[in-house]
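First comes the structure, then the notes that go with it.
Just so it is clear, none of the values below were taken in a lab; they were calculated from the coordinates. These figures come from a predicted structure and were not determined experimentally. Reconstructed Cβ throughout: ideal geometry from the backbone, glycine too, with neighbour counts over all protein chains shown.
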Amino acid sequence: MKRYHLAVPVKLWALACAILGVSLTGAPLMTCILTATGFLYLAVQRNWRLMVSFGVFYGILALLLCLIDQHGVRLAIFSEFHVLMFWNLSAVLLVGWDLITTPPGELASFLSRIGMPTAVILGLLVMFRFFPTMKAEFKCVVRSMRNRGLTSPSQMLLHPAASCEYVLVPLLLRCLQIADQLSVSAVARGADAPGRRGSYDGRALTGWDWCWLALWPAVTFCVLWMGGIRL
């Protein structure tokens, strides 16, 4: 099933509401309501991959919190503070990652409509797409290393410096190549041309967009009302 994207203003509004709710609530555990809303928000957009991966991560956090609170478990690597911090920020991380993975054309169209300078638009697009791009490139490097037999435990343990070199050097070269490709693409698309530019991705707000524009502040208000406001 093809993925559906809510409008960029809706995603920015959702991120602002999530940050506001997480920052001001006096009951940190109440942020689970915001996270549940975030999962429903992803389901509407059919972003199943992010739902599953983040659902596993959130389930692990819930299990750790239960063990810490009910059985007094103490973690060797992460402290209880880090577990609670990630639990509280889950809604922000979920909504923020959905915004970052928005198609660049939709982001550029929205930013251009509100009159943002071209240099700022290009900078934001590069920033938003950096981590997804590096993730894809890292997978390609690991796949290439696996084909050459360079990912075996013995290789990683006996030659850690060489293993790091096998990863870092291709990534740095790919960064340079991608930077050149982005420069050529920006010039070819008329990024430095004067005048008003249009976009194929511009669209009006739909019914789903208006629903979520109303739902996010309503949920944030409920969380602050039930959990109290921390000033």
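Hey, what D do you get for the stretch 1-127 in µm²/s if you plug the Kirkwood alpha-carbon radius into Stokes-Einstein at 20 °C and 1.002 mPa s? In µm²/s, the coefficient is 132. Extents of the stretch 85-129, largest first, come to 37, 18, 15 Å (Cα atoms, principal axes, whole angstrom). The value of relative contact order for the chain, using C-alpha pairs under 8 Å at least six residues apart, is 39 percent.
The local environment of residue 67, defined by Cβ-Cβ distances under 14 Å, has a net charge of -1 under the rule Lys, Arg +1 and Asp, Glu -1.
Who wins for biggest fluctuation among 185, 152, 112 in a Gaussian network model of the chain, springs between alpha carbons below 10 Å? Top of the fluctuation ranking is 152. Over all distinct Cα-Cα pairs of the chain, the Kirkwood formula returns a hydrodynamic radius of 20.8 Å.
When the chain is treated as a Gaussian network with alpha carbon springs shorter than 10 Å, the biggest mean-square fluctuation among 164, 140, 175 belongs to 164.
Sorting the segments 85-93, 59-67 by their mean number of nearby beta carbons within 10 angstrom, highest to lowest, gives 85-93, 59-67. For residue 151 and residue 173, the difference between the fully extended length at 0.36 nm per residue and the C-alpha to C-alpha distance is 5.9 nm. Mind checking which helices in the chain clear 18 Å along their axis (Cα) and have mean Kyte-Doolittle hydropathy of 0.0 or more, DSSP H runs only? Span-like helices, by this rule, are 8-24, 31-44, 48-71, 118-147, 160-188, 207-227. Using a Gaussian network model of the chain in which every pair of alpha carbons under 10 angstrom is joined by a spring, one finds that among 113, 148, 74 the greatest mean-square fluctuation is at 148.
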